[in-house]
1. Using the Cα centre of the chain as the reference point, and only Cβ charges (+1 on K/R, -1 on D/E), how large is the resulting charge dipole? Debye, rounded to the nearest 20.
2. Check cross-link reach from Lys23 to the lysines: straight Cα distance under 28 Å, and skip same-chain residues fewer than eight apart.
3. Cβ under 13 Å from Ala289's Cβ, Ala289 left aside: what net charge do those residues give with Lys, Arg +1 and Asp, Glu -1?
4. Find, among the trypsin sites (Lys or Arg not before Pro) in region 304-354, those assigned to loop by DSSP (not H, G, I, E, B) with at most 13 other beta-carbon atoms within 10 angstrom.
5. Tell me which residues come under 5 Å, amide H to amide H, from Val130 once H is placed; ignore anything under 5 positions away on its chain.
6. What distance in nm separates the simple spin-label points at Glu122 and Thr284, each placed 7 Å from Cα in the Cβ direction?
7. From the phi of every residue in region 308-324, what ³J(HN,Hα) in whole Hz does the Karplus formula 6.51 cos²θ - 1.76 cosθ + 1.60 yield, where θ is phi - 60° and glycine or proline is x?
8. Taking a ≥ b ≥ c as the square roots of the Cα gyration tensor eigenvalues, with a/c under 1.5 meaning rounded and otherwise prolate when a/b beats b/c, else oblate, which class fits region 237-355?
Amino acid sequence: MTGATEGMKGGGYYDANSSFQAKVAASGDALLEQAVAALAVPADAPVTVADYGSSEGRNSIATVTTALSLLSARRAAGFAVLHNDLPTNDWRGLAANLAGPGSYLWRFPDTRTLFAPRSFFEPVTLPATVTLGTSGSSAHWLSRQPAGLDMPRSLYRSDAPPDQRAKILSQAAADWEAFLAARAEELQPGGVLLVQMLGTDGAPDPARVSAAGLLKLMNSCALALVDEGEIPADVYARYAFPVVPRTVDEATAPMTGSLADRLDLLHCGLNDVTSPYEAALARTGDVAAFARDYAAFTRAFSESSLRDGVFRFAKAGVDVVTDRFYAMMQDALAARPEAYPFEDLTLSVMVRRRR
Ligand SMILES: C[S@@+](CC[C@H](N)C(=O)[O-])C[C@H]1O[C@@H](n2cnc3c(N)ncnc32)[C@H](O)[C@@H]1O
């Protein structure tokens with residue numbers, strides 16, 4: 001496998017199991033307001049909003065609705081909205097959501113909606129055409145597996161041995177630069193991009209890495225399958241879960257380096273978003289519901305990558321082992337609900353295209 005994911009689990013599954021990502025997006029509302037205020041474009045011209053990594057759309061549509069409300073208060077004269085994701089995304093689900101009751105098209109019926117099914121590590125639309133860019137919980141995905149990995153007992157940035165972590169971080173740095181270079185080309189001069197993604201505080205020891213607790217559980221379930229001979233050890237050693245939380249320094253590096261002449265950094269900072277699954281557990285004490293919902297949340301974003309990178313090599317067959325893995329996770333969460341906290345640190349980055 002060279003690609004990192006084919007997208008989220010479709011057919012409504014991601015939308016039904018992404019309330020954490022919805023909370024991340026809502027935590028960025030004040031920044032979105034600042035982003036719209038910072039746009040240096042004519043106030044009465046038509047504008048294009050682009051959302052990068054829209055998935056099936058529930059959360060994307062919520063973000064775009066907020067953006068359109070803010071932009072109409074700035075008297076924008078007409079909107080185009082471009083939704084971007086991978087070609088293998090559930091585009092049919094996104095189209096259904098756009099025709100459904102939660103769509104911004106009810107409130108802004110003249111909006112022209114466009115789909116851009118292409119990797120966001122390259123330009124997805126014409127140069128200098130995007131007024132406002134947004135991206136929620138997406139830009140931490142890698143474009144591909146880092147080359148030459150050998151990490152038989154680990155799965156993630158937080159637990160990778162230092163020499164392997166260097167390979168992961170090198171891929172993440174190249175991808176982030178490619179993502180921003182493509183946006184620098186697409187943004188209008190004066191246009192603004194707001195990205196929210198997983199972060200880490202980068203402390204020397206121990207660093208707080210977003211989702212480290214959850215990835216620890218995923219790793220232990222996968223290792224149980226490796227140790228019983230279900231998953232080939234060499235396959236697992238070559239695989240890292242291809243999501244990389246960034247530090248503030250890693251996120252800002254391109255704006256002081258290769259993209260300094262094109263992008264101004266307006267904001268970069270970390271904030272905590274409480275896991276809705278842990279909050280519900282604290283409120284209700286319902287351990288079975290917590291284990292079910294937290295495992296389903298994990299399955300929604302991780303299944304495609306694990307199937308392609310690991311489970312398709314399993315002896316019992318990909319479908320059997322995929323179901324088994326998430327059932328193992330759910331059992332472990334039910335047995336020890338406090339043991340695998342999500343430990344979110346959301347990293348937000350806002351940049352403006354230089355004139
Ligand atoms: C966790 S979902 C976030 C969806 C939505 N923005 C939200 O906040 O709920 C991450 C999305 O990023 C997309 N994605 C990952 N890599 C991508 C790439 N290279 N190009 C475009 N989209 C990508 C996935 O397909 C997925 O839909």
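1. Values: 32 positive and 40 negative charges, 139 e Å.
That gives the chain a dipole magnitude of about 660 debye.
2. Lys9, Lys216
3. Cβ neighbours under 13 Å give a net charge of -1.
4. Working: sites: Arg307, Arg312, Lys315, Arg324, Arg352, Arg353, Arg354; in loops: Lys315, Arg354.
Sparse-neighbourhood loop trypsin sites (Lys or Arg not before Pro): Lys315.
5. Here the answer is Leu187, Gln188, since their amide H atoms fall under 5 Å of that of Val130.
6. It works out to 4.5 nm between the two label points.
7. 3J(HN,Hα) across region 308-324, in whole Hz: 6, x, 9, 5, 5, 8, 6, 5, 6, x, 5, 5, 4, 6, 4, 4, 5.
8. Numbers: a/c = 3.58, a/b = 1.60, b/c = 2.23.
It comes out oblate by the Cα gyration axes.
Read the figures in this text as sums done on the coordinates, not as results from a lab. All figures in this text were calculated on a predicted structure; none of them were measured in a lab. Don't worry about glycine lacking a Cβ; one is built from the backbone with ideal geometry, like all the others, and counts go over all protein chains shown.
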